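Here's the structure, in structure tokens; my notes come after.
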Amino acid sequence: MIIKVIGFLKKYKLRFAGAALLAIGTVLAGIGLMSTSGYLISRAAERPIITDLFMVTAAVRFFGISRAVVRYAERLASHDLTFKILMSIRYTLFRKIDQSPVKQLMGKRHGDLLSRLVNDIETLQNVYLKIVSPVITAGVVTGIVFVLLLFVDVVLALIALAFLISNAVLIPLLAHRIAKGRGKSEVQTKSDLSAFLVDRLQGLYELFWTRQKTSTEKQFNGMQSRLDQVERKNAGATGMLEGLNNAFSQLAMFTVLIFAIPLVLNGQLQGVMLAMVTLGVLSSFEAVQNLGNAFLHYETAEQAAGRVFALTEQEPDRRGKSNMAVDSLESIAFRKVSFSYTKENITLSDINFSIPAGNRVAVVGPSGCGKSTLLNLLLRFWYPDKGKILYGNRDIYDLDEEQYRKMFAVISQDEHIFNRTLRDNLLLANPEASDEQLRTALHKAGLGAYANQLDLELGNFGMRFSGGERQLLFIARALLKDAPIWVFDEATAHMDAQTEQNVHRILEANLHGRSLLFITHRLIGMDKMHQILAMQDGKIVERGTHKELLQKQGLYAKMYHLQNELIPEA
Amino acid sequence: MDVHFFIKGLALYSLAFTIVVLVQMYALSAIIHEVFMLSRFPETWLFLLLAATILLRSALIWARERFSHLKAVEVKSRLRSDLFSRLLDAGPAHTGKGKTGGVVASVMEGIEKLDDYFTHYIPSVIHIAVLPFVIIGFTLYYDWISGLILLITAPLILFFMFLIGTYASKTTQKQWKELSNMSSHFLDALQGLKTLKVLGRNKQEQEQVWHQSNRFREITMKVLRVAFLSGMVLELAASISIALVAVQVGIRLIEGLMVFQAGLFVLLLAPEFYLPFRTLGTNHHAGMEGAAAAEKIFELKDEAGNSEKRVSDEFVVTEASIKVEKLTFRYENNQNPAINQVSCTLEPETLTALVGPSGAGKTTFIYLLMGFLSPESGGIKVNDKLINETDAETWLRNVAYVPQHPHFFDMTLKENLLLAKPEATDGEVDQALKQAHAYEFIRHLPDGKDTFLSENASRFSGGEKQRLALARAFLKDAPLLIMDEPTSNLDPESEQYISEATAKLMTDRTTIMIAHRLKTVKQADQILVFDDGYLVENGNHQQLKHQDGLYARFLQNMETPNNMKS
């Protein structure tokens, strides 16, 4: 999966090459600095005339300064590249999700899933910085050091190569084993612990009245000590990693030194080279010592990449056969529509009804009866398993998707208020609208109080609208969009009686001959409906007007009486 | 292993490490000196010394990493336990539903941040307090000119670090907020994708995602440029200092004022000397994050506060009335009491209905009754004993609670029920399920009572969960029953079952119910009408109906529930 992230590097070949070269340059400058310093003082000890040393002192200065500067440039280039890649991944992902059927994203915990996804993408930051770049640097620098040492002596070159390669292979292997252990136990135990904590705190009332406080504390400490055990094991392994890194580089230097001494003593190697080679070899290990870390990150990055790219691999939804134009209000008809989310449970079975142009139809029933699924089918978010939905006399899947959806305005608990200004939230419905039009829409939707606050930040960062105001904002959007069909989906749930009536009043004042599909479990304003469908367990069990259904004494009448038994709270 | 021990341990490590470095560099320079200047094979003990220091140095690093990681594990573990028991002690009314769940989750992540704080930041701070001093001291003695250079440059570097650090953290903080806004923008667009599709704006939004990401990148790079620049300045300062040492050593070597070995030795020490400064620079961020996380954790701990220890004292509610006397309670930072001078009596085996607008104090009242909150003044007496003077767990033996939105834990259904009576037999559990009309739908599950519940039993409908909560109350079989009547979204069938089960459960018990249905209040022996924290009316339906009060107004509103009928 990580390969896919690397695939994104292709788009930025030049930047990639630049960043990689700079990373290599940083390590080489470090090697240069140490070895030329060693050479400098060795040469100085031979007491030459001072001008003989100008070249060397210049080299020391050059490497000293360039190391700092190149590292700075490398860090900038690699981070810039990383963010460019993330940008591409985000964009690609968003486009793919946009094109794929909405089904996958509409699960119960889709909020969780999405925030997970955002975190996963951020995790992919590490792929270039902590995996790709160190691996390339290690390979190239090892090669360069080997070749340079060949000029000095073959044996020394081979010794250095052997140590560099073992460090580059053994430490990552060890790290991989640690990470694997972590992936299995630490991450799992940690998330178990977190889930336990949140679950128990959310049910604190229950824990208290059932007097489980002490036992819960015990349970928590039990889980905690299991986590501690795993973490302690890892602590030892991490320590070993660092210790071994140090041992490898210094033992390499030591071995090179031992083999170089006889060479110097019998004149095969100039004495001034001794300090230079020793220090150069020591500092070349900087190139391989980040690899352990790279493999500690590998597993997490791999998993994150897996989740992210699983989404991009979904086939785009292409069920529409043709793209017939849609531009006016027509009737809607469900013909023998059946649908289920999972194989075990049928959500809707054999649904038949129609909404003639300009009619108002209510769908009522206890929660979980399948009412809201109707909306998802109608808007082409889900595809019916059986039967079809007609717009006028054409199958909705024969119509142009965008033009078809233009016919609808949706007011529901599910609609989203974006973390943007009030103006931007309204403009989504009609990008061409003037501020004046926005204000008019707000007034009509009963949000006149906000007409002069178009720059107000909404959503998480700014103030929050109350539940009632949210729905009114969606009405304002509906007005701006000027769609001929309005759909309300449990828009008045969790509202106090007064707000609920307010919404109904505003709906009444603005509907003007549009079609209306009103999905609700609150039986308010039902006498205004041309037809009411009462649903239970995925089937339409009763249909008729408010009066007719009350006379039937069936489900609808029972629900109505139940509701009227409630004492209003405000 | 307390903090002092940790710091002493690290200090000792740094001292040992410094000595090893000194010996190692001495041995190395001596070996090279012998070979290069004297052209003879060095004595074996020098090699042994060098090899020994290499192994010792590696072992020390290993030990330090292990030591600090273990410390981090220990601290994190203690903090988590501590936090959890504080939250438990504070009780449900403080720790509350929902909100704290989120806070705690983020604190758990914060605790993880302490990892870097303990394994990187603190060790490098302590290292910098030990190593440079020892090396400076030694070099001053060994070669005072080089020692002087180290002595002068070290504080300069520290000063630079401080200067850049404050500047960087200022700019970073300024831009950090915007940064986090940007990253959630993408989430916002994803979550609102359905809305965007209905509004026909999804295509345009794709471009938005691109632009936002690009801006995100630009701003991040701006922040990083400053951060990296400070790294570069540090590195340059260190490089130039090393070069300074090398050049003056070189000159003195040429002039013959110094032996080669001494020169090499000092040169080898210089990078070791500046290394901790650079490390501290890179770990500075971890330090700041750790400190911020710690602050947040301690805030939450303080908020949770200390619970008073009370004596455990047996209470028997059966056949005793519960007397509420001038009960007053005020939430923290609130001027007006949530419960204001409320007095009433709950007779044994009667039904008391609580009614009133939302926010009137009904819920606070039942929390006080259950001992989740402690009154500011007045109290609740049973058999002339104040319940809040006793340990809440003891008092709660008498209480069963059925909330409006019952919570089910991530365990099997049976375990969830057994919470109410851990020693109950299978037969008792079945009996409770039958009484609550829950037996039938449980029986049809493939795993029956052993079905594992997750995400607050999301597989069950609201009505089914309500019946399971009733089963829990049946199982507990407590003399005092506290209920919050479910209001909405029940199907008529569930509704029927729940009414029947509730009626059965109330028999022979003292029941206090936050009532939402006319049927319930009509059959109540006593109705307490709350408004704005005050108990404004008290009587049964017949009595209150004819008073011109809040209760009568409620009833009036009910006559016309469907105002939309024109």
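The values are calculated or read from the model by the stated rules, or taken from the named source; none is laboratory data. Only a predicted model underlies this, so the values are computations on that prediction, with no experimental measurement involved. All Cβ positions, even for glycine, are placed from backbone atoms using ideal geometry, and neighbour counts span all protein chains on display.
Residue count for the range B:324-372 under the criterion of being more than 14 Å from every other protein chain (Cβ to nearest Cβ) and in contact (Cβ under 8 Å) with a residue 60 or more places away in the chain: the result is 17.
Within the range A:478-495, the presence of at least one residue that is within 11 Å of another protein chain (Cβ to nearest Cβ) and surrounded by fewer than 17 Cβ atoms within 10 Å (Cβ to Cβ) is confirmed. On inspection, A:Gly513 passes the criterion of being more than 8 Å from chain B (Cβ to nearest Cβ) and touching a Pro at 6+ places or on another chain (Cβ under 9 Å). I'd like the residue in the range B:409-427 that is closer than 14 Å to B:Ala473 by Cβ and within 7 Å of chain A (Cβ to nearest Cβ) and, out of all such residues, is farthest from the chain's Cα centre (by Cα). That would be B:Ala420. Condition check for A:Thr278 on (1) more than 10 Å from every other protein chain (Cβ to nearest Cβ); (2) within 28 Å of A:Ala23 (Cβ to Cβ): one failure, at (1).
When A:Tyr205 is tested against (1) in contact with a strand residue (DSSP E or B) (Cβ under 8 Å, 6 or more places away or on another chain); (2) more than 7 Å from every other protein chain (Cβ to nearest Cβ), only condition (2) is not met. Of everything listed in (1) closer than 28 Å to B:Thr520 by Cα; (2) in a loop (DSSP other than H, G, I, E, B); (3) among the aromatic types (Phe, Trp, Tyr), the single unmet condition for A:Phe465 is (1). Against the test of being without any contact (Cβ under 8 Å) to a residue 60 or more places away in the chain, more than 10 Å from chain A (Cβ to nearest Cβ) and within 25 Å of A:Ala73 (Cα to Cα), the options B:Leu280, B:Leu275 yield a single qualifying residue, B:Leu275.
Looking across the range A:30-63, the residues that are surrounded by fewer than 24 Cβ atoms within 10 Å (Cβ to Cβ), part of a helix (DSSP H, G or I) and at the interface with chain B (Cβ under 7 Å from one of its Cβ atoms) come down to A:Ile50, A:Leu53, A:Thr57, A:Arg61.
Contact map, the range B:402-414: residues that are at pLDDT below 85 paired with residues that are in a loop (DSSP other than H, G, I, E, B) and of a type in the set (D, E, K, R), Cβ distance under 6 Å, separation 6+ or inter-chain. No pairs are found. Take the residues in the range B:15-33 that are surrounded by fewer than 18 Cβ atoms within 10 Å (Cβ to Cβ) and within 16 Å of B:Phe265 (Cα to Cα); name whichever of them is farthest from the other protein chains (Cβ to nearest Cβ). The extreme case among them is B:Ile19. The criterion of being out of contact with any Leu (no Cβ under 9 Å at 6 or more places or on another chain), in the same structural domain as B:Gln466 (by TED's automatic domain parsing) and without any contact (Cβ under 8 Å) to a residue 12 or more places away in the chain holds for B:Pro422. Looking only at the range A:399-444, which residues are surrounded by 22 or more Cβ atoms within 10 Å (Cβ to Cβ) and among the polar types (S, T, N, Q)? The answer is A:Asn425, and nothing else.
For A:Met559, the conditions (1) within 39 Å of the chain's Cα centre (by Cα); (2) in a helix (DSSP H, G or I); (3) facing chain B (nearest Cβ under 9 Å) are fulfilled apart from (1).
The set of residues in the range B:477-486 being modelled with pLDDT of 85 or more and within 32 Å of the chain's Cα centre (by Cα) consists of B:Ile482, B:Met483, B:Asp484. Every residue in the range A:465-508 that is of a type in the set (Asp, Glu) and under 30 Å from the mean Cα position of the chain (by Cα), please. Hits for the range A:465-508 are A:Glu469, A:Asp489, A:Glu490.
Results for (1) at pLDDT 85 or above; (2) outside the structural domain of B:Lys362 (by TED's automatic domain parsing); (3) under 25 Å from A:Leu523 (Cβ atoms), shown as yes or no for each residue.
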{"site": "B:Ser488", "(1), (2), (3)": "no, no, yes"}
{"site": "B:Ile498", "(1), (2), (3)": "yes, no, yes"}
{"site": "B:Leu505", "(1), (2), (3)": "yes, no, no"}
{"site": "B:Arg517", "(1), (2), (3)": "no, no, yes"}
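Right, A:Val5: among the β-branched types (Val, Ile, Thr), out of contact with any Asp or Glu (no Cβ under 8 Å at 6 or more places or on another chain) and either modelled with pLDDT of 85 or more or not in a helix (DSSP H, G or I) (or both) or not? No, not satisfied. Of the set (1) more than 9 Å from every other protein chain (Cβ to nearest Cβ); (2) surrounded by 20 or more Cβ atoms within 10 Å (Cβ to Cβ); (3) more than 30 Å from B:Gln208 (Cα to Cα), all apply to A:Leu81 but (3). The criterion of at least 3 residues that are surrounded by 20 or more Cβ atoms within 10 Å (Cβ to Cβ) is met, among strands (runs of 3 or more DSSP E) falling completely within the range B:337-412, by B:339-346, B:351-355, B:399-402.
Scanning the range B:222-231 for residues that are over 16 Å from B:Phe162 (Cβ atoms), facing another protein chain (nearest Cβ under 8 Å) and surrounded by fewer than 19 Cβ atoms within 10 Å (Cβ to Cβ) gives B:Leu224, B:Arg225. Can you tell me which residue in the range B:496-531 is farthest from B:Ala478 (Cα to Cα), limited to those that are polar (S, T, N, Q) and in a helix (DSSP H, G or I)? Per the stated criteria, the residue is B:Gln496.
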